[in-house]
1. What pairs come out if I take residues in the stretch 119-132 that are open to solvent by 20 Å² or more (accessible area, probe 1.4 Å) and pair them with residues that are in a loop (DSSP other than H, G, I, E, B) whose C-beta lies under 6 Å away, six or more apart or interchain?
2. Evaluate the stretch 406-415: report whether one residue or more is open to solvent by less than 10 Å² (accessible area, probe 1.4 Å) and within 19 Å of residue 272 (Cβ to Cβ).
3. If you scan the stretch 259-275, which residues turn out to be of a type in the set (D, E, K, R) and crowded, with 17+ Cβ neighbours inside 10 Å?
4. Condition test on residue 370, is it assigned to a helix (DSSP H, G or I), closer than 29 Å to residue 49 by Cα, hydrophobic (A, V, I, L, M, F, W, C) and in contact (Cβ under 8 Å) with a residue 60 or more places away in the chain?
5. How many residues are open to solvent by less than 30 Å² (accessible area, probe 1.4 Å) and within 18 Å of the chain's Cα centre (by Cα) if we restrict to the stretch 28-61?
6. Would you mind stating whether residue 85 is under 22 Å from residue 148 (Cβ atoms), in contact (Cβ under 8 Å) with a residue 40 or more places away in the chain and of a type in the set (Ser, Thr, Tyr)?
7. What number goes with the only condition from (1) among the hydrophobic types (A, V, I, L, M, F, W, C); (2) within 20 Å of residue 385 (Cβ to Cβ); (3) open to solvent by 10 Å² or more (accessible area, probe 1.4 Å) that residue 184 does not pass?
Amino acid sequence: LIAAKHGKLWYDIAVVGGGIVGLATARELVLRHPNLTFIVLEKEKELALHQSGHNSGVIHSGIYYTPGSLKARLCVRGASLAYAYCDSRAIPYRRCGKLIVALDREEVPRLKALYERGQKNNVKQISLIDARSIREREPYCRGIMALDSPYTGIVDWRLVALSYGKDFQQAGGAIITGFEATHIAMAAESPAGSSEGLKYPVAVRSSTGEEVRCRFVLTCGGLYSDRLAEISGCRAEPRIIPFRGDYLVLKPEKSYLIRGNIYPVPDPRFPFLGVHFTPRMDGSVWLGPNAVLAFKREGYRICDFNSNDFVDALSFRGLHRLVMKNVTYGLGEMYRGMFISAQVKILQKYIPELGHNDVVRGPSGVRAQALDADGNLVDDFAFDGGVDELGRRVLHVRNAPSPAATSSLAIAEMIADELEARFTL
C-alpha cells in the first residue's frame, strides 16, 4: 500500500489516525458516501505501525465481555465480519481455537461464569471440557476444566489494516503519511487561491506547517487520542496511560508444545488478563504479555523514555489511584518483566514441560489504556466532540479498547452511524 500525497487542500471529511480503527472507518464512510471526499492523515511514514502492528494477532470470539454491552456486541459481530473479510481478500488466517484453562477447583466457578457469559453473548461453538479433552486438544497442557472456543483464530492484523487502506484508496479516498496533526481549529479565511469560500471551515495543521481543510474531522488517535481531543478544546479525561506488554517467544524446536491459544481464567482482583500462549501466523509462539507502565507512549523497549509522556502519566491522579489499588500486582508484573524465570514459572502451571531455556525475549506492544480520574480503567468505547462551532464538526474516538482489531469492521459501522447522526453528510 502506497500512501500518496494529496492533490488538493480540501475534503469533506478528514480522518486523523491511520491505524486499524481509522482505516476501517474511513473505508466504511467512503463506501457509504461515494460522492463525498475523504482523506486519512497519519503521522508515521507507514500505516498501522503501532497498536495495529504490535498485538497478539488473535481474532477474539467475545467470551469475556458483559452480556448486552457494546463491547460484547461489537466483538461477536466483528469476528464474523473479520473472517468474511479475510476470505474475500484472500488474507491468510488460522482458526486454531482457544482454551481458557482452570488450574484448580477455585477457578472452576469463574470458568463456568465465563461460559454462561459467552452463551449470553451468542459466541459461536463454545463448550466446557474436562481434563481428558484438554489433553486431546493440547497434549502438553494441564488443567482440570477448560472453556473450548474453536471459533477463535489468529491473523496478521497489520495486513488486514493495510487491506482496509487499499480498499479506501481504490474507492477514491486519499491518504497522507508523515502528517502529524498538531492543530485542529475553525479557519479564519479560505485557502489561498480557493474559490470554495468557507465550505471547508475546519483547518487541520501538521507539525511541519501543512494544512488540510475539511467540513468535518474524525480522530482515531489510539495512543494519542486524548491529546488530539485536547487540541480541539475537549476535556483532558479520560487520559491515555501507556502500558507496555513484553512477550517471550518459544524457541522453534519447542513449538510442538502449543497448538492453539491457551489463556488463563481471568482473576477479577487484577486489572489485566494475565499471561497466555499465542501461536502466530509465521509459526512462532508468543508467551505473555506482562503489563508495566511505559515511559514513552510508543516506547517498545524498556529503555525508551520521553519526558513529556513520563511526566504526563505520573502527574495524573487517576494513575496514582490505580497504582495504590494494585501495588502488589504491579510489583509482580515488573519483577516478571525483568526475570524470565519468574514469567516461565507461571507459564509452567499450564505447560509443565516448558523450561527456562525454551524461551527467549520477544517483541513488545504498548496498550493505550484509557483511565478516569478515580483510577478506573475505561473499559468501553468513548466518544467526544469539541466545543462551540468546532464541536459540531469534530468527533473524537477517545477509547477503542481491546479487542478493537477483531471488532474493527463493526466499530467502523458504529462510528459511521455516529457521524451520520451528528453531522449532515
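The values are calculated or read from the model by the stated rules, or taken from the named source; none is laboratory data. It should be emphasised that the depicted structure is a prediction, and the values quoted were computed from it without experimental measurement. Note that we place each Cβ from the backbone using ideal geometry, even for glycine, and neighbour counts take in every protein chain shown. In case anyone asks, the SASA skips ligands and DNA or RNA and just uses the protein heavy atoms, side chains included. Shrake-Rupley method; radii C 1.70, N 1.55, O 1.52, S 1.80 Å.
1. What qualifies is 120/67; 124/151; 125/150; 125/151; 131/144.
2. Keep residues of the stretch 406-415 that are open to solvent by less than 10 Å² (accessible area, probe 1.4 Å), which gives 406-408, 410-412, 415.
If we keep only those that are within 19 Å of residue 272 (Cβ to Cβ) too, we end up with 406-407.
Yes - at least one qualifying residue is present in the stretch 406-415.
3. At the first step, the residues of the stretch 259-275 found to be of a type in the set (D, E, K, R) are 259, 267, 269.
The one that is of a type in the set (D, E, K, R) and crowded, with 17+ Cβ neighbours inside 10 Å: 259.
4. Working: assigned to a helix (DSSP H, G or I): no; closer than 29 Å to residue 49 by Cα: yes; hydrophobic (A, V, I, L, M, F, W, C): yes; in contact (Cβ under 8 Å) with a residue 60 or more places away in the chain: yes.
Answer is no for this residue.
5. We begin by selecting, within the stretch 28-61, every residue open to solvent by less than 30 Å² (accessible area, probe 1.4 Å); these are 29-30, 38-42, 47-48, 52, 56-61.
Okay, now just the ones that are also within 18 Å of the chain's Cα centre (by Cα), so 42, 47-48, 52, 56-61.
Within the stretch 28-61, residues that are open to solvent by less than 30 Å² (accessible area, probe 1.4 Å) and within 18 Å of the chain's Cα centre (by Cα) number 10.
6. Criteria not met by residue 85.
7. (3)
Yes/no per residue for (1) in contact with an Asp or Glu (Cβ under 9 Å, 6 or more places away or on another chain); (2) aliphatic (A, V, I, L, M); (3) surrounded by fewer than 18 Cβ atoms within 10 Å (Cβ to Cβ):
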residue: 228; (1), (2), (3): no, yes, no
residue: 246; (1), (2), (3): no, no, no
residue: 294; (1), (2), (3): yes, yes, no
residue: 304; (1), (2), (3): yes, no, yes
residue: 308; (1), (2), (3): no, no, yes
residue: 311; (1), (2), (3): no, yes, yes
